[in-house]
Each structure stands twice: as structure tokens, then as C-alpha cells.
1. Count, please, the residues in segment 126-162 that happen to be charged (D, E, K, R), surrounded by 17 or more Cβ atoms within 10 Å (Cβ to Cβ) and more than 15 Å from residue 90 (Cβ to Cβ).
2. Anything in segment 109-138 that is under 13 Å from the mean Cα position of the chain (by Cα) and either under 18 Å from residue 49 (Cβ atoms) or among the charged types (D, E, K, R) (or both)? List them, or say none.
3. For segment 68-86, give me each residue that is among the aliphatic types (A, V, I, L, M), in a helix (DSSP H, G or I) and farther than 28 Å from residue 160 by Cα.
4. For segment 41-56, give me each residue that is crowded, with 24+ Cβ neighbours inside 10 Å and either at pLDDT below 90 or not β-branched (Val, Ile, Thr) (or both).
5. Going through 114, 63 one at a time, which residue ends up being in a helix (DSSP H, G or I), among the aromatic types (Phe, Trp, Tyr) and over 18 Å from residue 36 (Cα atoms)?
6. I need the full set of residues from segment 8-40 which are in contact with a Phe, Trp or Tyr (Cβ under 9 Å, 6 or more places away or on another chain), of a type in the set (A, V, I, L, M) and either in a helix (DSSP H, G or I) or exposed (fewer than 15 other Cβ atoms within 10 Å of the Cβ) (or both), in order please.
7. From the list 59, 102, which one is modelled with pLDDT of 95 or more, farther than 19 Å from residue 14 by Cα and crowded, with 16+ Cβ neighbours inside 10 Å?
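The values are calculated or read from the model by the stated rules, or taken from the named source; none is laboratory data. All values reported here derive from a predicted model rather than from experimental measurement. Here the Cβ is made from the backbone with ideal geometry for all residues, glycine too, and neighbour counts use every protein chain on show.
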Amino acid sequence: MRNKKLLFLIQAAMIAALYCVLTAIAAGFNLASGAIQVRFSEALCVLPFFTPAAVPGVIVGCFLSNILTGCALPDIIFGTLATAIGAVLSYLLRKNRILVTIPPVISNMIIIPFVLRFAYGVPDGVPFLALTVGAGEVISCVVFGSILITALMPVRNQVFGEAGQQTA
């Protein structure tokens, strides 16, 4: 029992750290924030397909990334909330490798345009921002996330232990 808790904690911490590193890389290319953003780290939101530890991992990773990249307080709070909603819903849809990629796209399309508009004063309208944020999330979660799932499937048991025994 203790080893399972330790494995869960280690997996969550490693996912959070990886989220921070990938966000920092995207920020280096000015892709981590703004009206048009492709956070490579958002691909990790599909990891609940393999392990429940990914849920707190991406939530903590997003929270820390938002702080470390100098986001406004509403972005730290509501950006993390969008990722949390996406991760939890992805976990609930973990039986389907295609559907698991969709919740982060939808939650970010709904929440982040309001953050951009009201926290950063981005002049574009919320519907346009929903499209641009959604496009970035589709690239990150659906495209990169699907590639990540495909790449991890053959090694899921070695990477995630018993939790990685998901089939689909």
C-alpha cells in the first residue's frame, strides 16, 4: 500500500516538473501565453489515460508554470482551473484514447478567452479568442497528446506500473 502511494506521488511530481519544463520551452518561443498559444505541456493533460497521478501532476505543473512565467493572478487561478477541469474530465474519459484528448480543449476554450480579455486586456472579442485558444489546444492536446499516447502505449507498464495497464 505504501509503495503505491509513493509511486503516485513520484509520478505526479515528475509530471508536474515535466509540465514546467515544457512550458518554459514554449515560453522561450513566445508560445506559452497570449491570444495564440501552443503550450507543449498541455499534451500532458492526456496522461490520465495511463495514471490517475497525472491529474494532480498537470494541475500542480500548470499552477507553478503560470507563476514562474509571470502570469497575472487571474491567469494563475483560472488557467490552473481550466487545466484542472480538463485533467479531471480526461481521467473520467480514460477508457477512450480519442475522447481523453477533448476535455482540456473545451475547458480552455471556455475559460482562457475571458482571462485573456479581462486580465490582460487583449482587444479581440471572446469568440475570436475561443477559436485561437481552441486551435492551440487542439494542436497541443489532440495532435501532440495523441502522439504521446501512441508513443507510450508499448511502454506504459514500465513507465506507469500497474496503473498503466489501460487498453484502447
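1. Residues of segment 126-162 that are charged (D, E, K, R), as a first pass: 137, 156, 162.
This time we only want the ones that are surrounded by 17 or more Cβ atoms within 10 Å (Cβ to Cβ), so: 137, 156.
If we keep only those that are more than 15 Å from residue 90 (Cβ to Cβ) too, we end up with 156.
Qualifying residue count for the region: 1.
2. 137, 138
3. Residues satisfying the conditions are 73, 76, 77.
4. To start, the set of residues in segment 41-56 that are crowded, with 24+ Cβ neighbours inside 10 Å comprises 41-51, 54.
Selection gives 41, 42, 43, 44, 45, 47, 48, 49, 50, 54.
5. The conditions single out 63.
6. Scanning segment 8-40 gives 16, 22, 25, 26.
7. Matching residue, one of 59, 102: 102.
Listed here are the residues, each with its yes/no results for (1) among the aliphatic types (A, V, I, L, M); (2) without any contact (Cβ under 8 Å) to a residue 24 or more places away in the chain; (3) touching a helix residue (DSSP H, G or I) at 6+ places or on another chain (Cβ under 7 Å).
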site: 54; (1), (2), (3): yes, no, yes
site: 76; (1), (2), (3): yes, yes, yes
site: 84; (1), (2), (3): yes, no, yes
site: 108; (1), (2), (3): no, no, yes
site: 132; (1), (2), (3): no, no, no
site: 135; (1), (2), (3): yes, no, no
site: 139; (1), (2), (3): yes, no, no
